[in-house]
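See structure below.
The values are calculated or read from the model by the stated rules, or taken from the named source; none is laboratory data. Given the structure is predicted, the values throughout are model-derived calculations rather than measurements. Quick reminder, even Gly has a Cβ in these numbers, built from the backbone with ideal geometry, and neighbours come from all protein chains shown. Just so you know, the surface numbers come from the protein's heavy atoms only, side chains and all, with ligands and any DNA or RNA stripped out. Shrake-Rupley method; radii C 1.70, N 1.55, O 1.52, S 1.80 Å.
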Amino acid sequence: MPLGPTPPPPPTTTSAGALAGLRVVELGEPLAAPLVGLLLAEQGAEVVRVVDPGTLPADALLDGILARGKTQLSLDLSGPAGRDQLQRLVRRADVLLESVGAAGRERLGLDPETLRATAAPGLVSCSLTAFPPGDPQGAGLPGHEPVAAMLGYVYATPLGSPRHHELPIASVMGAGFAANSLVAALIARTTSGRGQAVEASLFESGLFSQLLQLLMKSGVPRSFMPLRMASTPFMGAWPCADDRYLYLHITVPAHAVLALELLEQAGHGDEVAELRRCLSPATLKDPSRVQSVDEARTIRRILGGILRRRPADEWEGLFGTELCCIKVRTASEWLRDSAASGMADACDLDDPLLGPLHAPGAAVCDEAAPPVLRARTLLATPDELL
């Protein structure tokens, strides 16, 4: 069923994918909105990414990956001419995807309710903000990921001291919430013919990630198998001798037995003996349901001490063929090693600004409507789109 009437796609791209014919205007530089746009572009949507011609990205490689499959348009929005061109683009679009907030929309003349009432009744507007609209907590604060994440307790673990890191958890989770809401609104439009507004905030997304982690640590209903498994001390990322991390996933009895045997064979018999003494019959029966918090802490202390004695690559070599165990890699390492191992979750593109680009593959794949993986297209003016 079509998602609604749209103008023909621009001549710079080829329609394909589950969302072929869907026109999206993307506006905003923080990670969350471009990530949603990337998910839509992978499924064939015609995503027009509007950028300020005078702004250079902080990370050119990340910018190239996020721009994949999109038509990148340089548009000066400081004057009336640029704002008029942007408004004309949005009036012809199915989706307005933005992270500029209410003040930015007002400045650009992009009030979604006004647009739906006057020019684009089917427009679905998706807004990603640092804080929910009207939230007094975010009043006067800069809308940066670390600010929203800090107030959303992303850096405070449910058990233990705060841990600061650079992982954009709030933005990634916010993009996931926004993408799901956006698709739901498009599906609703097929019957109502009307667009609607959806939104997600980094603060609420970050807070949700902590509530989820707390639920994992404090216990969940037995039917919540994935969360119950995630609470075991045998599953997680462990620091190694080289300060790199090893991800180990042991949640079934056979794997727990095998892990202890492999550790003994690797020369850690004394530590394994100490570990065996602390394991209760209930834990040996089901490693995903450790009998007590004290036992879990003891297991983590002993196992952590063992894993600290070798570098991550060495542990991956010892465990990797027998257990679910892998060194935690940087994005560039993952792309390199996944290609070397024959995995099909990366792609090679010829980016017009960066040249050859080795990038992650599509997040969602459907054999009936294969994803679209192509480099961005650069436009200096919107003439081809209007």
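Can you tell me the dipole magnitude for segment 95-148 around its Cα centre, using point charges on the Cβ only (Lys, Arg +1; Asp, Glu -1), in Debye to the nearest 20? All intermediate terms of the calculation are to be shown ahead of the outcome.
Details: 3 positive and 6 negative charges, 22 e Å.
Around 100 debye, computed over segment 95-148.
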Distance between Cα centroids, segment 328-386 to segment 108-146: provide it in whole Å.
29
Going 7 Å from the Cα of residue 29 toward and past its Cβ, which residues in segment 69-103 have a backbone nitrogen under 20 Å from where you end up?
70-80, 82-83, 86, 97-103
Between the helical axis of 32-42 and the dominant principal axis of the chain, each derived from Cα atoms, what acute angle in degrees is found, rounded to the nearest 10?
80
Helical mean residue ellipticity (222 nm; -39500 (n - 2.57) per DSSP H run of 4+; nearest 500) of the chain:
-12500 deg cm²/dmol
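When the dipole is taken about the Cα centre of the chain, and only Lys, Arg (+1) and Asp, Glu (-1) are charged at their Cβ, what size is it in debye, to the nearest 20? Write out the running numbers ahead of the final one.
Details: 33 positive and 43 negative charges, 192 e Å.
Computed about the Cα centre, the dipole is about 920 debye.
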What residues of segment 233-262 lie in the reach of a label at residue 284, counting those whose backbone N is under 12 Å from a point 7 Å from the Cα along Cα→Cβ?
257
What GluC sites (Glu not before Pro) does segment 275-381 have in DSSP loop regions with at most 13 other beta carbons within 10 Å?
322, 367
Express the carbon and sulfur contribution to the solvent-accessible surface of the chain as a percent, rounded to the nearest whole number, probe 1.4 angstrom.
59
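Can you give me the accessible area per residue for the chain, using a 1.4 Å probe, in Å²?
Working: 19170 Å² over 386 residues.
Result: 50 Å² of accessible area for each residue.
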Residue 334 accessible area, 1.4 Å probe, all protein chains in place, Å² to nearest 10:
80
What label, among [x] 25.6; [y] 21.7; [z] 27.0, belongs to mean projected area of the Cα convex hull in nm² computed from the structure on display?
[y]
